[in-house]
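Written out below as structure tokens is the structure these notes cover.
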Amino acid sequence: MALFLIKRLLGLVLTLLLAALVIFLVLEILPGDPAAMMMGVSATPESVAALRAELGLERPAAARFLEWLGGFFTGRLGLSYTYRVPVDGLIAERLAVTVPLSLLALGLAVAFGVTLGTLAAAKAHRSADAIIMGITQLGLAIPNFWFGILLVLVFAIGLGWFPAGGFPGWAADPMLAFRALLLPAIALALPQAASLARITRSTMLETLSEDYIRTARAKGLSRSQTIRRHALRNALIPVLTILGLQFSFLLAGTIVVENVFALPGLGRLLIQAIGGHDLILIKSLVLFYVATAIIVNALVDLAYGLADPRLRVGRA
Amino acid sequence: MMISIHRLAGPAILALGLALPALPVAAQPRDTLTLCQTLEPPILDPSGGAAAAIREVTYGNIFEGLVAYDRDGKVVPALAREWTTSADGLVWQFRLRPAQFHDGSAVTAADVKFSFERAVAPDSKNAQKWIFEPIAAITTPAPDLVEITLKSFTADFLEGLAMGDATIFSAASVGKAATEPVGTGPYRFVRWQRGDRLLLERNDSWWGAKPAVKSVTFRFISDPQAQVSALLAGDCDAHTNLGAHEAVAQLRADPRLAVTIGRTEGETIVAINNAKAPFSDLRVRQAMAMAVDRRLVNEGAVSGLGTPIGSHFSPNHPAYLDLTAERPVDLAKARALLAAAGYPNGFATTLRLPPPAYARRSGEIVAAMLGQIGIRATIEPLEWPQWLERVFRNKDFDMTIVAHVEPLDVNIYTRDNYYFGYQSPVVKEAYARTKTARSETERLEAFRTIQRQITEDQANLFLFMLPKITVARKGLTGLWPNWPVPANPLAELRWE
Amino acid sequence: MNPAWRHPSFGVGAVLMALVVGAALLSLVWTPHDPTAMRIMARLRPPSADHWLGTDQFGRDIASMVLVGARNALLVGLVAVGIGLVFGVALGMFAALYRGRLIDEAVMRGLDFVFAFPAVLTAILILTWFGPGLVNAVVAIGIFNIPVFARQARGATLQVLALDYIRAARLAGLSRGAVMRRHIVPNITGLMIVQGSTQFAFAILAEASLSYLGIGTQPPNPSWGRMLNDAQTYLATAPHLALVPGLAIAITVLAFNLLGDGLRDLLDPRMKER
């Protein structure tokens, strides 16, 4: 048991280190001079050189890599090339948008996905099931950014019920801030809800075919009563596992959707950093995203392994 | 499902401008303001970067120089109350007015000396060091008197001091200028929520007349569509330079808003690598000029709101010559010129474009137009850093499109190592005359010579001046209609 | 009638795919207008008899651009799936043959590592390095596909290897290569086609996202994602620009998803309940 935990944790740390190394190698040898970018069209070579020195671009790469890694623990990730403020502060600021957005989307996806999936299972192979499954196919096929654009077109530009984009901040009026996140969260939740509905339906059908459920049915419980009292709880475990695996898609989704709605979150920061060639910022952001995905996956894996001892022995 | 959304959206859009009720008229003039602009400044120190967005927020608001540009591009007093020059134009004396930094310390001659010496120091990141290069010595005979001695007569010395790059800092607070600026202007910095907005508050100890607006929020909205909806929703009281050109008609129809089309100093050009074959051949450049219809580019890139130009010179300047009738569009003649230059079937080339929408859109159109005479231009979009590195610094390009936004920046045609590789003794000689000319007529004539020569040589393809589209809620007055320099002095604004 | 066509997912998917492939093929020989021809004075026009879906910001014909965009989308899917399939299946089968050895562990760990990077971030890393463009975007998506196919191929190969008659064949001295060619490849082809269909849909969605963010396909190549990026600028003034390219993406993705689902059911009736 302890060995299993240690082995998994060691693997996780190694994976994270390797990810950091890959990101550092790819981004630090990029062509282009970030100092020249900051200075603009009419800057002289001397002023660009001065900026290079200030940013420490002349020091050996290995030292810069170690310092950067250490920064993830001390919070010192360096100054952003473009904004000239500490990167950790920038990331923290943007988390106030991205984290609530992801949680809201996750909540919506679970609520709609599980409800629709359960409904479809209850009405399996009838027309309601077919309609729900058809809708989920559409949900998987519609690009979330296009869905976002359509939501803006109808609810922001057409009806004026929601802002078309931007984020007023939590400080002034939390209700307004919530309203600004609702459309993006819906756009983000669509594909997740669709795939959750499909998974819920299939695990539910599997559960319903198991013996104890058949017994319950035989005792005279109706199909929907059986689902509510017995099947739902059992079907939810695999659903939550899948949710963990889908987390990286949700994370990637925030990058696109934040750009549709001009939300000042991590994803928009990333695209802006790419536009500004802000390497310091890009590498910390990418590692942040990748590390989050890796850690969440590892935790789900771990939980799954603890729940099912068969999986502890090597690869299934 | 899609069909029904389509049907729903159409009429909803049409109703948009008209259906929203007008805001109730406030009993008292408002003293708050939300000003929206397209780009967010990366930092707030105007002496630490060339980005126009820095000046759009700070110029004349947080920071001031000795002198400033007014809305007509004339140089007016700022921290310097008055100034005198010696008969030979070499010694300048500036008399400072009583003024304070936002931290309460007084503005002294020593601050001026400090700021200008910092600007030319080897480790300075100032983007316009040329302003300070003519300076031989700075002395401070009195706390309110600065004396500057120049190495040689420099006609545009005062114009340089009016730029944001010549801001006066105090040694105590300059270190934080990038993120928590302490200046002398009518507004002090309050808070910056990066990626979204920046808050300023009126500085009641400013030397000038008390501004009408007490607190100002700058909001940064880069997406053109979102700019329009923010204006229609009332989230922005004004947008200083709207990106959504095609929405101008719709916004004009809205009774709550006033739209002004103004001018910037941004000459938008197709810069050609003059030093590289086949572009080193004048006939090739002429052929290209005859294939590109600048009026259509203006129409497609900025909805016809820009002013077409035939040389690298702003129509706002008194020396301006209209050279747009030179080399009118003539595809047959263009093909003949190409054939004469040895390219009867045209050639393949690349067009490397920086990110702004005007450049990307102009680029697609220019590439299509050049295609008509057999010049097959592949578009390569670059981000600013790559553009700066490859095109601007290493001259690794055939053609690019960019707007040169500094006022009176025709001196770039005299630089030996400038990216488009143009060389002309005539232009160099004429530019030297603009610096030494003792009469205004002589100076203007020298500028006209430059314009004629660079058009004659077709150094680049000259497209149009970037427009400035100001959209403001009715009742808000005082915004600059034109941008002699990109700036939004807030002290001039008021609600009526 | 072939019973396959009666399977609803497969049937609908096949019809939609025929539509998309038909549009792509048609665009090779005919489009209503030249999709790259600009008529700047006739820009942002609503649909009309001449321009069925209106014109874009340069006066180009949207109907023609959408047709040519189908070609682009199918090409993206083919190449991205091709990369994933070739490298993924090879690696997966290889790992399975050396099951339990160090090499198996190394290959699978390496692939796990690639898979840990969300696809869009892999693409962003590659695109920041090599610059934006269709080829780089497709390669990035293809790289993300490799572990997907490799895992499937490894699992399926192990299943086949465990079958009694294969064991017997190997004991009888049949070489690894021969087992691979004669037994494993034919046995896992169906599964790979199913996975390929799903990844095809994924690739089209991913390319559209990257092009929408401005780091995928570049002008003047018509890409549906890029058209949507352009369209968003004109959402308030010309909303029709945003509808058709999005619909085209959705239909194509739906087609390949349905096809994949249908094929899976048809190949493995036990899975039908799922």
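Results, tabulated for the structure shown:
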| item | result |
| --- | --- |
| Charge-dipole axis of chain B as Lys and Arg at +1 and Asp and Glu at -1 on Cβ define it, positive-most pick from B:A137, B:F63, B:V228 | B:V228 |
| Overall form of chain B per C-alpha gyration tensor (a/c, 1.5; a/b vs b/c) | oblate |
| Spacing of the two label points (7 Å from each Cα toward its C-beta) at C:V86 and B:R191, in nm | 5.6 |
| Under 13 Å, Cβ to Cβ, from A:E93 - net charge with Lys/Arg +1 and Asp/Glu -1 | +3 |
| Packing-based order for B:481-488, A:97-104, using average beta carbon neighbours within 10 Å, highest first | B:481-488, A:97-104 |
| Normalised per residue, the volume of the convex hull around the Cα set of segment A:93-311 (Å³) | 149 |
| Accessible surface of chain B, 1.4 Å probe, proportion on carbon and sulfur as whole % | 55 |
| Residue-span extension gain [B:A142 to B:A155] - 0.36 nm each, minus C-alpha spacing | 2.1 nm |
| Chain B, dipole about Cα centre (Lys/Arg Cβ +1, Asp/Glu Cβ -1), debye to the nearest 20 | 640 |
| Segment B:54-131 - Rg and Dmax from Cα coordinates, angstrom | 13.7, 39 |
| Karplus 3J(HN,Hα) series, Hz, for segment B:334-342 with 6.51 cos²θ - 1.76 cosθ + 1.60 (x for Gly, Pro) | 4, 5, 4, 5, 4, 4, 4, 7, x |
| Largest-first principal axis extents of the Cα set of segment B:453-496 (Å) | 51, 18, 10 |
| Rounded to the nearest 20 debye, dipole of segment A:203-259 from Cβ charges on Lys, Arg, Asp, Glu | 480 |
| Segment A:44-189 - accessible surface per residue (Å², probe 1.4 Å) | 42 |
| Accessible carbon and sulfur surface of chain A relative to its total accessible area, %, 1.4 Å | 70 |
| Dipole of segment A:93-311 [Lys/Arg +1, Asp/Glu -1 at C-beta], most positive-end residue of A:P168, A:A120, A:L221 | A:L221 |
| Sum of side-chain charges, A:I295 neighbourhood, beta-carbon under 12 Å (Lys, Arg +1; Asp, Glu -1) | 0 |
| Linear extension gain, A:L302 paired with A:Y212, 0.36 nm per residue minus alpha-carbon span | 29.6 nm |
| Rounded tilt (10° steps) of C:185-212 against the dominant C-alpha axis of chain C | 30 |
| Backbone N within segment B:197-236 under 17 Å of label point (7 Å from B:R81 Cα along the Cβ vector) | B:206-209 |
| At least 50 Å² of accessible area lost relative to the chain alone, listed for segment B:116-156 with a 1.4 Å probe | B:K125 |
| A versus B: buried accessible surface, summed, Å² (probe 1.4 Å, to nearest 100) | 3500 |
| Per principal axis, descending, Cα span of the protein assembly as shown in whole Å | 108, 68, 63 |
| Phi-based couplings in Hz for segment B:485-494 (Karplus 6.51, -1.76, 1.60; Gly and Pro marked x) | 9, x, 7, 10, x, 6, 5, 8, 8, 7 |
| Rh by Kirkwood over Cα pairs, then Stokes-Einstein D for chain C at 1.567 mPa s and 4 °C, µm²/s | 63 |
| Filter on B:K151/B:K468; B:K435/B:K468; B:K113/B:K435; B:K333/B:K468; B:K129/B:K176; A:K283/B:K214 - keep pairs with C-alpha separation over 32 Å | B:K151/B:K468; B:K333/B:K468; A:K283/B:K214 |
| For segment B:66-80, Karplus couplings with θ = phi - 60° (6.51, -1.76, 1.60), whole Hz, Gly/Pro x | 5, 10, 9, 7, 9, 5, 9, x, 8, 7, 10, x, 10, 5, 8 |
| Cα→Cβ-extended label distance, 7 Å offset, between A:L221 and A:A111, nm | 2.7 |
| Pairwise FRET efficiency - B:T32 versus A:A124, Cβ, R0 = 45 Å, nearest 0.05 | 0.15 |
| Rounded accessible area per residue of chain B, 1.4 Å, Å² | 37 |
| C:F113-A:L18 pseudo-label distance in nm [points 7 Å out on the Cα-to-Cβ vector] | 0.4 |
| In degrees, nearest ten, helix C:240-267 long axis to first principal axis of chain C (Cα) | 20 |
| Global geometry of segment B:102-173, whether rounded, prolate or oblate, following the gyration tensor of its Cα atoms and the 1.5 cut on a/c | oblate |
| Distance histogram for segment C:140-267 (every C-alpha pair counted, 10 angstrom bins, percent rounded to whole numbers) | 12, 29, 24, 17, 11, 6, 2, 0 |
| Taking chain C and dividing mean pair separation by its residue count, relative contact order in percent (alpha carbons under 8 Å, at least six apart) | 25 |
| Candidate residues C:F144, A:F112: accessible-area rank, largest first, probe 1.4 Å | A:F112, C:F144 |
| In Å², nearest 10: area of B:K214 left accessible to a 1.4 Å probe | 80 |
| Efficiency of FRET from Cβ geometry, B:L331 and C:V29, R₀ 22 Å, rounded to 0.05 | 0.20 |
| Delta accessible area of at least 50 Å² on complex formation, residues of segment C:111-130, 1.4 Å probe, chain isolated as reference | C:F113, C:A116, C:F117, C:P118, C:L121, C:I124, C:L125, C:T128, C:W129 |
| Calculated FRET efficiency for the pair A:I131/C:S48, C-beta based, R₀ 35 Å, to 0.05 | 0.45 |
| Net +/- balance of residues flanking C:H33 in space, Cβ distance below 13 Å, scoring K and R +1, D and E -1 | -1 |
| Segment A:163-220: C-alpha gyration tensor shape, a/c 1.5 cut-off, then a/b vs b/c | prolate |
| Buried accessible area, chains A and C (both chains, 1.4 Å probe, Å² to nearest 100) | 3900 |
| Farthest toward positive dipole pole in chain A [+1 Lys/Arg, -1 Asp/Glu at C-beta], among A:L243, A:L77, A:V290 | A:L243 |
| Fraction of accessible area attributable to carbon and sulfur, segment C:1-80 (%, probe 1.4 Å) | 71 |
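The values are calculated or read from the model by the stated rules, or taken from the named source; none is laboratory data. All of these numbers come straight from a predicted model, not from anything done at the bench. Positions of Cβ are generated from backbone atoms using ideal geometry, with glycine treated the same way; all protein chains shown enter the neighbour counts. Only protein heavy atoms, including side chains, enter the accessible area calculation; ligands, DNA and RNA are left aside. Shrake-Rupley method; radii C 1.70, N 1.55, O 1.52, S 1.80 Å.
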